[in-house]
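Presented below is the structure to which this report refers.
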């Protein structure tokens, strides 16, 4: 079996974010060993003051559903020309400043003066060079001369500016605000966002599939230290003007420096229960900055225009709307609760008209959410769609949460349309969303990237029960969606493994426009070669014709399989410093079969967390070694920052056999600890002796062999894994034996009756 790394780990996570340019990285990195290069000056945020602000934030958050506070905002005036240390290089100069905040999960910045000269650029990176934002250049200049940045997940961050000689002093760069992030809104700790309730439903779950287009219109808004939700909304010109609708109480007038993140979705259904290996990967799809267009507190709406149009690679959708005020029979809300990955909530009953904030009939009331869904702080501003996929509201607030049946309230789109009969265009939506004054009451959504076709089938997802299989047969489900205008009544698919067609599938049924079906294979897909593979589902024809849009005709998913092996589950309850832990599984000749490196697991205080790893092994004997780089094992509870000791166990998939275990009482194993174990699922002959036992196992050589007493003479052969027999003896029933002279290792006890092997057992000699 080949060496296999579980998942992946990033040594460098410096993806170039949207609206930034790759100029080869920070120039100072090329001079890191230059003794003449200045050290970086430090600006440290006051920890005690920050703690007080956090308490204020959390107390306010209890009052009402509102903009979700993930960080505290600290006003500063750090001008690059006064606070940076500058070093001369060949083509110009480099200035740097380090910002430190002891307990920060993340830092982000608002530059209240930002205007870069041509060829100047700015990078923001962690002190260990593992996280990077930028380069920001003159392309990021705007009329407001300001810039807000995305989050960088570190507590020591360096801002670096480069100026060419001929442009020295011609830029503006001043940090006006630093945001100390104290909540994990991007899963960097390896767990779900703690503030997001477990009942929230990921948009990729089957209930969300009919709303695929609307899901692509929803954005997470980071504005300073606050989070809200917004919706990219269509206008009657259908020209792709990037209007985003959100809530007035989210302070859209301050969103000039906001970061708008698209497609922050979990790739699997049920993300609350999984670690960050399942969280979204790749470069975040963001737009920096916006301009306030219109807002009104009467219906709690804010309309902003993004500083740039989302590129085609973002695959966005501009949501449709209905301004008539007609009561919807059902409703759907798509949102980012507590800044978490995108969720969807369902009201399967008619909306109720309600009066809030002293304004008559200005709100839609969702009396109770169905399908165990809800909204939370951070969902504020999220759109409410009717049964026809038209926006009819935007989230104001309410008391709904996981575990209760209380109401939520949405500002009426119809009142926002007129601004509660305002004559001021900056207080209503109509002037902007109906620029040609057509007077229409409703408008469908608009996709700038996908043309409307008569026949357009799409594979939207592949569902596998796991990423790792210990079998030659892989169960398969996939979702087939109709994006075209005509009904789909039949389709043909190819199933490919590693690019080779291994099966074809004919489907017959009926799918209307924008609906879907889940196709499940009654027989699993055979994959006989061990290792890493990809499975692909590909559309061949739709309604016995060629599909008119081939951009969505295939879907690929990766998995690993190891046929004819035993599936084992390794469960590790980590203490608060998971990054220190690594482990390996080796075979009897010291080949590494499975491993996880250090810095793969995250540090989580004060309670740690539990990981489950799937292991596939052939029959045989193995060693499991766990390592700790600090040298205190997983005894976290000895420190004030931590409340737990770690432990681990390895069991079969039915949890009936335990192969190895370590309790929390034995957590202080120092730098490493090894355990030998054997996997033996198949007897050599059908006539097993079920009650046979060897103990202790492992042992130093003195052992007891328990055999059923049946007046039967048994011959016992002790052989190593090369087949060499080291001992042979006869016994009737139980026996005590001294095998201390044997070398340490794994041995096989062959138990014979009438010269036939009736049972084989593995034994470990320490």
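The values are calculated or read from the model by the stated rules, or taken from the named source; none is laboratory data. As the structure is a prediction and not an experimental result, all values here were calculated from the model. Here the Cβ is made from the backbone with ideal geometry for all residues, glycine too, and neighbour counts use every protein chain on show.
Considering 535, 572, 502, the condition of being assigned to a strand (DSSP E or B), more than 30 Å from residue 387 (Cα to Cα) and touching a helix residue (DSSP H, G or I) at 6+ places or on another chain (Cβ under 9 Å) is satisfied by 572 alone. The single residue among 376, 370 that is touching a helix residue (DSSP H, G or I) at 6+ places or on another chain (Cβ under 6 Å) and modelled with pLDDT under 95 turns out to be 376. Test residue 397 against the criterion of being in the same structural domain as residue 337 (by TED's automatic domain parsing) and either within 38 Å of the chain's Cα centre (by Cα) or loosely packed, with under 13 Cβ neighbours inside 10 Å (or both), and give yes or no. Criteria met by residue 397. Being farther than 25 Å from residue 531 by Cβ and in a loop (DSSP other than H, G, I, E, B) is the filter; apply it to region 546-569 and report the residue that is nearest to the chain's Cα centre (by Cα). Ranking the qualifying residues of region 546-569, first place goes to 553.
Yes/no matrix, rows are residues, columns are (1) under 18 Å from residue 260 (Cα atoms); (2) outside any strand (DSSP E or B):
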site	(1), (2)
133	yes, no
142	yes, yes
150	yes, yes
160	no, no
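Exactly one residue out of 489, 520 is modelled with pLDDT of 95 or more, closer than 23 Å to residue 211 by Cα, loosely packed, with under 14 Cβ neighbours inside 10 Å and not assigned by TED's automatic domain parsing to the domain that holds residue 391, and it is 489. The set of residues in region 363-378 that are buried (at least 23 other Cβ atoms within 10 Å of the Cβ) and assigned to a strand (DSSP E or B) comprises 363, 364, 366. Of 515, 564, all but one fail to be out of contact with any helix residue (DSSP H, G or I) (no Cβ under 9 Å at 6 or more places or on another chain) and either surrounded by fewer than 16 Cβ atoms within 10 Å (Cβ to Cβ) or modelled with pLDDT under 90 (or both); the exception is 564. Within region 613-629, is even one residue free of Cβ contacts under 8 Å to residues at least 60 places away in the same chain, within 25 Å of residue 562 (Cβ to Cβ) and surrounded by fewer than 18 Cβ atoms within 10 Å (Cβ to Cβ)? Yes; the residues of region 613-629 include at least one that is free of Cβ contacts under 8 Å to residues at least 60 places away in the same chain, within 25 Å of residue 562 (Cβ to Cβ) and surrounded by fewer than 18 Cβ atoms within 10 Å (Cβ to Cβ). If only residues of region 344-362 that are out of contact with any strand residue (DSSP E or B) (no Cβ under 7 Å at 6 or more places or on another chain) and in a strand (DSSP E or B) are counted, the one that is farthest from residue 225 (Cα to Cα) is 360.
Could you check region 137-149 and list, in sequence order, the residues that are over 20 Å from residue 83 (Cα atoms) and surrounded by 20 or more Cβ atoms within 10 Å (Cβ to Cβ)? Residue satisfying the conditions is 140 alone. The set of residues in region 635-650 being more than 27 Å from the chain's Cα centre (by Cα) and under 22 Å from residue 697 (Cα atoms) is empty. In the set (1) modelled with pLDDT of 90 or more; (2) part of a strand (DSSP E or B), the condition left unmet by residue 669 is number (2).
What's the total number of residues in region 33-55 that are surrounded by fewer than 14 Cβ atoms within 10 Å (Cβ to Cβ), at pLDDT below 80 and either within 29 Å of the chain's Cα centre (by Cα) or in a loop (DSSP other than H, G, I, E, B) (or both)? The qualifying residues number 5.
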